[in-house]
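Input: a single structure, listed below in structure tokens.
The values are calculated or read from the model by the stated rules, or taken from the named source; none is laboratory data. Since we're looking at a predicted model, the values are computed, not measured. Backbone-built Cβ (ideal geometry, glycine too); neighbour counts: all protein chains shown. Remember, those area values only see protein heavy atoms, side chains included, never the ligands or the DNA or RNA. Shrake-Rupley method; radii C 1.70, N 1.55, O 1.52, S 1.80 Å.
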Amino acid sequence: MLDKIILLADIRYAAKTPHIPAQLMAPTGLLSDTLARPLRDLRISVTDRCNFRCSYCMPSEVFNKDYAFLPQTSLLSFEEITRLTKVFVAHGVEKIRLTGGEPLLRKNLEVLIEMLAKLQTPAGKPLDITLTTNASLLARKAQALKDAGLQRVTVSLDGLDDATFRRMNDVDFPVADVLKGIEAAQKVGLAPIKINMVVKRGTNDAEILPMARHFRNSGVVLRFIEYMDVGATNGWRMDEVLASKQVIDRINAEFPLSVIDPNYLGETAERWRYDDGAGEVGVISSVTRAFCGDCNRARLSTEGKMFLCLFASQGHDLRALLRGDYSDAHISAAVAHIWQRRSDRYSELRASLPPDESPPSDGSKRVEMSYIGG
Ligand code: SF4
């Protein structure tokens, strides 16, 4: 909080002074945080609503009919999102991931994608624009998303068996319709397509091999995510985590695998290739193999708060600057100020503690994943 007051005070001071003091002028170009991690990825949550109630993200007992979702007026408009994205791109962001809640619930999302697709990095490269979705609306929207400039898509799918799938997402939605969405995305040329399966021991881990068998030779990259203690509502327990090593062991027993290099620095998934050439799988191991060391991701919540970690409890209100009539230079100074003071490494800290113990916090609750988009 103090930081924010200092920040706003700095900006207000700067706004009143025609000549912006040098130390307040945003360092142009690339930024590094206190652990020398650059700012490369921006995850933008475009809605806090979802039509699924996945138990590890939006448990229905909390996100029920009385839950107060954000009013439309507090959401960033597409123009505001684009303006902020430009500021982040000038500081080194090359990849944009649109998330939610369920991003395809945000009306006319294609319009935002078109606006973002026009942006370029300082080196003149187009941005890498992707989206994470539960694919419930993908079959209908795939062509329009592609035409607007979306390059690829990640689909959350926690099993092929309808009963298991329902146990994970708590709504009556058939797996067949998710598969139709994936097919539609493939047909229109959104590629590569990645599938994210959150593995909860005792709930859907029996689906690991059926999923692997199904997506082998499909060109789709299947990734298994360790169940995480995100937010403050999913009732996380360590004994429901199946370590990625065990996931790989299970698959390797049937289909031999070899580990391969990451595609780029900061990639969250550890990549494994089928020795018989049937494609690759990945594991995202925030609990047992933390990857904070090269975490280059910032998150923008639906109402314009900048978060520095998936497990953060506080965000920095950039919307106040957007709607407070501050210039892009001021907002850029704010982003630089925030990122350069970043030291988050929650998963690393958690890994150093006994199971079921969480790293010390300032007592406030961790932000919900559905609010800042995974
Ligand atoms: S725990 Fe936070 S710092 Fe670590 S990888 Fe995840 S988002 Fe990044």
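Collect the residues in segment 147-168 that are among the charged types (D, E, K, R) and farther than 15 Å from Pro103 by Cα, keeping them in residue-number order.
Asp147, Asp158, Asp161, Asp162, Arg166, Arg167 - these are the residues of segment 147-168 that are among the charged types (D, E, K, R) and farther than 15 Å from Pro103 by Cα.
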* Asked: Taking segment 301-317, which residues are more than 9 Å from the ligand (Cβ to nearest atom) and either assigned to a loop (DSSP other than H, G, I, E, B) or open to solvent by 20 Å² or more (accessible area, probe 1.4 Å) (or both)?
  -> Ser301, Thr302, Glu303, Gly304, Lys305, Ser313, Gln314, Gly315, His316, Asp317
* Structure fact -> Over segment 265-290, the set of residues in contact with a strand residue (DSSP E or B) (Cβ under 9 Å, 6 or more places away or on another chain), open to solvent by 50 Å² or more (accessible area, probe 1.4 Å) and either without any contact (Cβ under 8 Å) to a residue 24 or more places away in the chain or part of a loop (DSSP other than H, G, I, E, B) (or both) is Leu265, Arg273, Asp275, Thr288, Arg289
* Residue count, segment 285-300 (criterion: away from the ligand (no atom under 11 Å from the Cβ) and among the aliphatic types (A, V, I, L, M)) -> 1
* Would you check if there is a residue in segment 235-248 being surrounded by fewer than 13 Cβ atoms within 10 Å (Cβ to Cβ), among the β-branched types (Val, Ile, Thr) and either within 16 Å of the ligand (Cβ to nearest atom) or more than 19 Å from the chain's Cα centre (by Cα) (or both)? => no
* **Qualifying residues in segment 318-346 (those that are within 15 Å of the ligand (Cβ to nearest atom) and of a type in the set (Phe, Trp, Tyr)) - the one most open to solvent (accessible area, probe 1.4 Å)** => Tyr346
* If we scan segment 100-110, do we find a residue that is open to solvent by 30 Å² or more (accessible area, probe 1.4 Å), outside any loop (DSSP other than H, G, I, E, B) and within 30 Å of Ser32 (Cα to Cα)? -> no
